[in-house]
Amino acid sequence: MSAVELRGFGWRHAGRKRWAVRGVDLRIEAGERVLLLGPSGAGKSTLLAALAGLLPEDSGEQEGTVEIDGLDPRKARERVGIVFQDPEAQLVMARCGDDVAFGLENRGVPPEEIWPRVDEALRRVGFPYHRGRLTAALSGGEQQRLALAGALALRPALLLLDEPTANLDPAGAALVREAVASALDADTTLILVEHRVAEALPLVDRVVVLEPGGGVRADGPPEAVFAAHGDALAAEGVWVPGRTIPPRHATAPPGDLLLTADRLGLPPRLAPTDLPVRAGEALAILGPNGAGKSTLALLLGGLLRPGTGTATATAELAGRDARTPPHRWRAPDLARRIGSVFQDPEHQFVTGTVLDELALGPRRTGRSEAATKATVDGLLERLRLARLAGANPYTLSGGEARRLSVATALATAPRLLICDEPTFGQDRRTWLELVDLFAELRDAGHGVVTVTHDADFVAALADRTVTLERP
Amino acid sequence: MNHTDSNRWRTIDIVVASVIAVAFGVIFWAWGLVWSATEGAFAFFPPAQTLIYGVWLMPAVLGGLVIRKPGAALYCETVAAIISALLGSQWAGTVIPQGIVQGLGAELAFAAFRYRSFKLPTAVLAGALTGLSAALFDFFVWNATYDLTSYRLPYALLTIVSSTVIAGVGGWLLTRALAGTGVLDRFPAGRERAAV
Amino acid sequence: MISIEPVAAPGAPLARRNPVAKVAAALVFSFTLVATLDPVAPALAIAIELAVLPLFGIRYRVLARRAWPLLASAGGILVTLVLFAADRSGRVLVEAGPVLVTSGVLLTALGLVLRMLAVALPGVIVFATTDATDLADALIQNTRAPARFAIGALAAFRLVPLLEQEWETISMARRARGVDAGRNPLAKLRLFVSTAFALLVGAIRRGTRLAVAMDARGFDAGTPRTVARRQRFTTGDALLIAGAAALAGAALTTSVLLGTFRPLIG
Ligand SMILES: Nc1ncnc2c1ncn2[C@@H]1O[C@H](COP(=O)(O)OP(=O)(O)OP(=O)(O)O)[C@@H](O)[C@H]1O
Ligand SMILES: Nc1ncnc2c1ncn2[C@@H]1O[C@H](COP(=O)(O)OP(=O)(O)OP(=O)(O)O)[C@@H](O)[C@H]1O
Ligand SMILES: [Mg+2]
Ligand SMILES: [Mg+2]
C-alpha cells in the first residue's frame, strides 16, 4: 500500500557526464501494477534503485525528488522489496532458509514468527527444496525464485522487479510469473521492468515508457499506449506486442564441416553429446536450465578440458592444428578461429575500458594498430557503444554489457562464433541488429552457434536446433 | 545510514573489508602451503624466509588504506586470520591471536596520523609497525629456542624489512591499482577519476 | 575445490557444542601449551587430542588430510634447529663443519615439533567441526560481538567457493581473447599475478553489490535485529572450556613432576 511520486527526477552516476535518467515526472498510486519500459540504457534499473533507496549520495548526483508515501526512499526501505537483474548478487547467506530469514531478522520480526513466514514465502514462489539447501547449489532460475521469496517474506508495500525472468527457460519464467501473480496482495504496488512485453502484460494494468534522453515518453493502460505510439515505440526498441519479426534463414545449404563433437561431455555438468558444426549454418542449442548448454559452449570453444569424448576441428577451421584438440591450442590461435560470448557478460571482461576491451583481441592476434582501430571503431558504431568508449565495462547497463561482450568476440573475426544467450535482456532494436549481424556472418561462410532460451530468436535465425536434456 | 559521523562504518565498509579479508584468507591458506614448500629452499639461511613474510601482513595495510576508518587494519587482519583457520590452515587457531597482534601494529600507524593521511609514508609506517608487532610475537612465542644473534635478531629484522616493502609499499601500490579499476569508486580512495 | 562445509559427522557430542565454547576451549588448550618447550607435555597433549577426536565426529583419515602441511613444517623446524639452535649441550652426535648436532639439539627439536603439533591440532579440530553461520550466530548471541560486523564477515565468507569458480572463469575469459603465457615461466608468473589481481577486483566488486543487496533488505537500518537461529551457551559449554584448561594443566603438571618442564620465558 504505497504511492510513488517523482518530480523532475534525475540521476547521474559518479564518473559519467550523461544523466542515466532525467526529468521524470510520475505518480503511481497505491496498488497499481506498472510495467516500466524503455530501450536499453534508458535508465530503468537506475530508476528502480532510486525507488529502493539504493543510490547513496556519494555515488552520483540527484536532481528533483523521489518520494514514497511522502518519504525519502532511503528512509522508506521498510516498505520496499526489490529483486535485481542479477540474482547471484543478492543472496546473502549460505543456506536458503537463512537467506529468506535475513531480511526478517533485520526488520526485527519476533523470532517465533520468522520461520513460518520463511516457509510461507518459499511456498508461494514454488521453491522445491528444503530450507537447509545451500544457496551455492542452486541453478540460476532457482536463485531467482529464492531472491523473490526473500523480497516477498518482508511483505513489501511496493515490490520492484528488474527483469526477473531473464536467463530462465520458458517453463521457469512462467513459474516465476505465476509466483509473482499469486504472491501479490490486492494492495501491493508493483513496478516491473521486463523487455518482453507480451509475457509481462497479464501482470500489469499500466505501462510507462522512459525516453532515453529524459522524461516519460508514454504512460497509460497498455492497449491505449500501444495503439497510440506502437510504431514509434517499436522503432525505438520497445517490444510492442503483436509485431512480427522478419525471419533470416540461410539461403544457401550449409558449407564445410568446422568442428565435430564426439561423445563430448563433462560429468556431472554435461552428458556425452554428438554434434557437427558447419560453416554457413546457424545452429541453436536449446534445453532447460541446468542441462549443460553453457558447459557445451565452453567445451566447443576450447575453453574447458573435456571430461569425456573429444572435440575435433577440421583443417578448414584449424589448418595444421586440426590434429590437436581446441582446448590445447595457443590462445591467440584460438581467438582467431573461435570467438566465445559468455552467458554472463561480466565474466568476459578483462580490461578497464570499453575501448581496450574491444582492442585486446585484435592486438593479441597480431593485427596492426591501424587495423585494430578500424575494427574497433566499426564495432563501436554498429553496436551503438561509441559514446561509452571510455566507460568501465562493469558500469554498463545489462543490455550495453551484452552488446559489448558480443562485440569483443567479433573483433577477431573468428571463423566460428559461439554465443551463450546473446539476446537476453535486449531491447527490440538491439535484438534485430544482433540477428542481422549473425545472419550476415553466416551468409559470409562463418559458423554460428547460439545457446538460447529465446524462441523468437530461434524462429528468426536458426537453421538447425539441438535440444539438450538435464543429465 | 548515518552520514554525519564519518567514523561510523557503512555496510559497504564492513562487507568490503570482510571481502578483502576473505580474499587474503584464501591467499593465506594457499600461502601456508607455499611457506611449507619453500622451507627446503630457504634452508641455507632460514631467517631469509621471512622475506616473503610481508604477504601475511598485507590485509592490515590494504584494509586501512581502502576503508579509512578506525579499526579497519585490525579488523581485516583478524578476519583474514579467522578465515584461514576456518579453511584449515596448518597453524589453525593460533593464527587468531597472532592476527590480532599483527593488525594492531598497522592500526597504531593509522591512528598516529589520526586517520587523516593515507599517503605513501603512512603506508610505509603501517607496514613497518605491523612487521614489528609480528616480529615481537614470533620472537617470544615461536623462536624462543633459536640462537639470538644468528637467528632471532636477523629473523626479526628481516620480518620488518619484508613487511615494510611488501605490506607497506606493496599495499599502497595495490590500493592505487584497485582504484584505477573503478571498484573503489564508493570509497575515498577511489574518488579521483575523470568522467566519461 | 575449497570447501567451507564442516567435515564432522553431525550429532557428535562435542561437535554439537556451542561454537564459541569450542573456539575458546581450543585457544585455552593451545596457549597453555605454548608456555613450555619440553617434549613431554606436548606429547601428552597430542595423545589427549587424538583420544577426544571421535567425540568431535572426525575420522583420523580426515584429520590427516587437513593436517598434512603441519608435517612439512616439522621438517623445516628440524633443519632450522640443526643450524641455529641456541642450546648445543649434551652428547655430540654429528660434527661436520658448522653443523653440530648434539643430543640437546635433538631433544629441543623433538620438543618444538611436538609443541607445534599440539598447539595447532585443537584449532584444526574445532574449525573442521564448526559451521561459519553457527560461529557468527554464537559470536553475536553469546559474546555480544557487534552483529553488523559478524554478519558482514559471514556474508563475505560465503564468497570463498565462488572465488575458486571465478578464478576458472577469469582464466577462460583471457584465453578466449588470445591471452596466455605459453611456455615462458616469467610470462606464467605475470599471468598468475594479473589473474590474482583480477580476482581481488572481482571480489571487491561483488562485495560492493552484496552490501547494496543487504541494505535493500533492511540491514543496518537502525531497527533492533532479532535472531532466527538461537545459539545457547550452556553449562556443558562452560564445562568444555574448563575441561580443556584442566587437561592442558594436567599435561603441564605431569611434565613439571617428571622434571622435564622448560618454561618459554626464563
Ligand atoms: N554504476 C554505474 N556507474 C556509471 N554508469 C552507470 C552505472 N550504472 C548504470 N550506468 C549507466 O547509466 C545508464 C542507464 O543504465 P541502466 O542500467 O539504468 O539502464 P537500463 O534502462 O536498465 O538498461 P538495460 O535495459 O540495458 O538494463 C547507462 O548508460 C549505463 O551505462
Ligand atoms: N563451475 C561449475 N562447477 C560445478 N558445477 C557446475 C559449474 N557450472 C555449472 N555447473 C552445474 O552443471 C550443470 C550444467 O550447467 P550449465 O551452466 O552448463 O547449464 P545451462 O544448460 O547452461 O543452464 P542455464 O540455462 O541455467 O544457463 C548445472 O547443474 C550447474 O549447476
Ligand atoms: Mg537494466
Ligand atoms: Mg547457461
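The values are calculated or read from the model by the stated rules, or taken from the named source; none is laboratory data. Every value quoted in this text rests on a predicted model; they were computed, and no experiment measured them. In this analysis, Cβ positions are derived from the backbone assuming ideal geometry, glycine residues included, and neighbour counts consider all displayed protein chains. All accessible areas refer to the heavy atoms of the entire protein, side chains included, with ligands and DNA or RNA removed. Shrake-Rupley method; radii C 1.70, N 1.55, O 1.52, S 1.80 Å.
What the table below lists for this structure:
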item	result
Candidate set: the range A:410-425, residues that are among the hydrophobic types (A, V, I, L, M, F, W, C) and away from ligand 4 (no atom under 16 Å from the Cβ); chosen: the one most open to solvent (accessible area, probe 1.4 Å)	A:Ala413
Count of residues meeting criterion [within 16 Å of ligand 4 (Cβ to nearest atom) and either hydrophobic (A, V, I, L, M, F, W, C) or within 14 Å of chain C (Cβ to nearest Cβ) (or both)] in the range A:167-184	3
Close pairs (6 angstrom Cβ cut-off, 6 or more residues apart or separate chains): acidic (Asp, Glu) in the range A:158-183, within 16 Å of ligand 2 (Cβ to nearest atom) anywhere	A:Asp162/A:Gln85; A:Glu163/A:Gln85; A:Glu163/A:Gly425; A:Asp169/A:Pro288; A:Asp169/A:Asn289; A:Asp169/A:His453
Within the range A:453-471, tally of residues that are in a loop (DSSP other than H, G, I, E, B) and touching a strand residue (DSSP E or B) at 6+ places or on another chain (Cβ under 6 Å)	3
Some residue of the range A:378-396 being within 16 Å of ligand 2 (Cβ to nearest atom), within 21 Å of the chain's Cα centre (by Cα) and either modelled with pLDDT of 95 or more or crowded, with 21+ Cβ neighbours inside 10 Å (or both)	no
Conditions (1) at pLDDT 95 or above; (2) within 9 Å of chain C (Cβ to nearest Cβ): number failed by A:Pro56	(1)
Wholly enclosed helices (runs of 4 or more DSSP H) of the range A:116-205 bearing at least 1 residues closer than 30 Å to A:Leu286 by Cβ and within 16 Å of ligand 3 (Cβ to nearest atom)	A:140-152, A:197-200
Looking only at the range A:289-317, and only at residues there that are free of Cβ contacts under 8 Å to residues at least 40 places away in the same chain and in contact with a strand residue (DSSP E or B) (Cβ under 9 Å, 6 or more places away or on another chain), the one that is farthest from ligand 1 (Cβ to nearest atom)	A:Arg305
Selection status of A:Gly15, of a type outside the set (Lys, Arg) and either touching a Ser or Thr at 6+ places or on another chain (Cβ under 9 Å) or not assigned by TED's automatic domain parsing to the domain that holds A:Val207 (or both)	yes
Qualifying residue in the range A:346-355 (condition: more than 25 Å from A:Ala297 (Cα to Cα) and within 19 Å of the chain's Cα centre (by Cα))	no
Some residue of the range A:155-164 being within 30 Å of C:Gln165 (Cα to Cα) and either within 16 Å of ligand 4 (Cβ to nearest atom) or acidic (Asp, Glu) (or both)	yes
Residue satisfying all of: in the range C:145-183; charged (D, E, K, R) and under 23 Å from the mean Cα position of the chain (by Cα); farthest from B:Ile20 (Cα to Cα) among these	C:Glu164
Test result for A:Ala297, open to solvent by less than 20 Å² (accessible area, probe 1.4 Å), within 14 Å of ligand 4 (Cβ to nearest atom) and assigned to a helix (DSSP H, G or I)	yes
Tally, over the range A:14-51, of residues that are within 14 Å of chain B (Cβ to nearest Cβ) and either over 17 Å from A:Leu396 (Cα atoms) or more than 13 Å from ligand 3 (Cβ to nearest atom) (or both)	6
Subset of the range A:185-197 that is among the hydrophobic types (A, V, I, L, M, F, W, C) and surrounded by 13 or more Cβ atoms within 10 Å (Cβ to Cβ) - its residue that is modelled with the lowest pLDDT	A:Val197
Answer from C:Pro10, C:Pro6 - the residue that is closer than 23 Å to B:Gly25 by Cβ, in a loop (DSSP other than H, G, I, E, B) and modelled with pLDDT under 75	C:Pro6
Members of the range A:426-460 that are among the small types (Gly, Ala, Ser), open to solvent by 20 Å² or more (accessible area, probe 1.4 Å) and over 14 Å from A:Thr251 (Cα atoms)	A:Ala455, A:Ala459
Within the range A:25-61, tally of residues that are within 13 Å of ligand 1 (Cβ to nearest atom), over 23 Å from A:Arg196 (Cβ atoms) and in a strand (DSSP E or B)	2
Some residue of the range A:157-166 being within 14 Å of chain C (Cβ to nearest Cβ) and either surrounded by fewer than 24 Cβ atoms within 10 Å (Cβ to Cβ) or within 16 Å of ligand 2 (Cβ to nearest atom) (or both)	yes
Considering residues of the range A:71-85 that are away from ligand 3 (no atom under 16 Å from the Cβ) and touching an Asp or Glu at 6+ places or on another chain (Cβ under 8 Å) only, the residue farthest from A:Trp19 (Cα to Cα)	A:Arg79
Residues of the range A:1-31 satisfying the condition of being within 26 Å of the chain's Cα centre (by Cα) and either open to solvent by 40 Å² or more (accessible area, probe 1.4 Å) or within 16 Å of ligand 2 (Cβ to nearest atom) (or both)	A:Arg12, A:His13, A:Ala14, A:Arg16, A:Lys17, A:Arg18, A:Trp19, A:Arg22
Lone unmet requirement of (1) within 16 Å of ligand 1 (Cβ to nearest atom); (2) on the phi > 0 side of the Ramachandran plot; (3) within 9 Å of chain C (Cβ to nearest Cβ) for A:Gly108	(1)
Criterion: farther than 30 Å from A:Pro39 by Cβ and out of contact with any Phe, Trp or Tyr (no Cβ under 8 Å at 6 or more places or on another chain) - qualifying residue of A:Ala232, A:Ala279	A:Ala279
Number of positions in the range A:318-348 that are within 16 Å of ligand 4 (Cβ to nearest atom) and modelled with pLDDT of 90 or more	3
Output for the range A:359-377, where each listed residue is facing another protein chain (nearest Cβ under 10 Å) and buried (at least 17 other Cβ atoms within 10 Å of the Cβ)	A:Leu360, A:Gly361, A:Pro362, A:Arg363, A:Arg364, A:Thr365
Which numbered condition C:Val179 misses (of (1) part of a helix (DSSP H, G or I); (2) within 7 Å of chain A (Cβ to nearest Cβ))	(1)
Given (1) in a helix (DSSP H, G or I); (2) within 13 Å of ligand 1 (Cβ to nearest atom), index of the condition A:Arg18 fails	(1)
Some residue of the range A:206-214 being at positive phi and either at pLDDT 90 or above or open to solvent by 10 Å² or more (accessible area, probe 1.4 Å) (or both)	yes
The range C:97-123, residues that are open to solvent by 10 Å² or more (accessible area, probe 1.4 Å), at pLDDT 70 or above and part of a strand (DSSP E or B)	C:Leu100, C:Val101
